[in-house]
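Single-structure report; data block below.
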Amino acid sequence: VDFVTLVQSVQNEQAETTLSENLPSSLDIEQLPAAVKVHEMGYSWETIKATYIQLNKPVSETVTVEELIDEILANKVTATNPSEGNSQDIETNSQSPFLPADEEEPGRTYTAKSTANADLSNELKSLSLKDETEVLLDENRRLKEQRLCRICMEEDITIAFLPCGHLCCCAHCAPAMRKCPICRAFIKGTVKTYPA
């Protein structure tokens with residue numbers, strides 16, 4: 001029995017030393033980049049150390065910021081709010097740790113935000129109306145130019161050439177044409193057209 005107790009105590013001591021070798025010291029944690037980032041987010045060093053111990057990873061193995069945050073939120077470890085400086089429990093469903101806790105008058109804040117949003121949407125509407133007006137005027141100008149005679153550029157197109165069917169001349173310029181100005185086919189006849 002004494003031998004069994006002695007062997008068990010030696011094994012327990014070896015397990016404790018390997019566990020303590022794997023666990024980081026407080027000085028090591030404060031130098032880890034992931035721990036520094038989580039501390040910059042407002043969590044206390046105690047919270048980060050407790051989380052790192054719960055992860056049970058050796059110092060040589062890297063821990064990401066995401067792993068630390070997930071572990072903090074999963075285990076409801078206490079965090080330090082940077083504005084207040086005291087510890088509070090973080091519950092994943094009820095409150096986000098990244099939202100400021102010192103909102104004094106939330107109604108007034110939302111009113112100011114909604115007013116700013118309304119002003120912005122009104123400006124966007126007026127800009128879109130101006131843009132739409134410009135687009136329509138531009139399209140109207142292009143359509144009027146398409147209806148103008150390609151020869152004199154003064155009167156509307158009223159003559160279609162046969163056999164090609166191109167509309168490109170007014171009634172004054174068409175008699176002088178022997179070939180279609182668009183396709184260069186010989187004109188065998190003309191048809192008077194009327195705009196719809």
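The values are calculated or read from the model by the stated rules, or taken from the named source; none is laboratory data. This structure is a prediction, so every number in the text was calculated from the model and none was measured. With ideal geometry, Cβ positions are generated from the backbone for all residues, glycine too; neighbour counts draw on all protein chains shown.
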Being closer than 21 Å to LEU143 by Cα and touching a Cys at 6+ places or on another chain (Cβ under 6 Å) is the filter here, so list the residues in the range 158-182 that pass it. THR158, ILE159, PHE161, HIS166, CYS169, CYS170, CYS173, PRO181, ILE182
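So which residues in the range 163-181 are of a type outside the set (D, E, K, R) and loosely packed, with under 14 Cβ neighbours inside 10 Å, if there are any at all? Working first, answer last.
Applying the first criterion (of a type outside the set (D, E, K, R)) to the range 163-181 yields 163-177, 180-181.
Matches in the range 163-181: PRO163, GLY165, PRO175, ALA176.
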Which residues, counting only those in the range 118-163, are more than 30 Å from VAL191 (Cα to Cα) and either assigned by TED's automatic domain parsing to the domain that holds PRO175 or at pLDDT 85 or above (or both)? THR133, GLU134, VAL135, LEU136, LEU137, ASP138
Could you pull out the residue among THR47, THR115 that is among the polar types (S, T, N, Q), modelled with pLDDT of 75 or more and surrounded by 10 or more Cβ atoms within 10 Å (Cβ to Cβ)? THR47
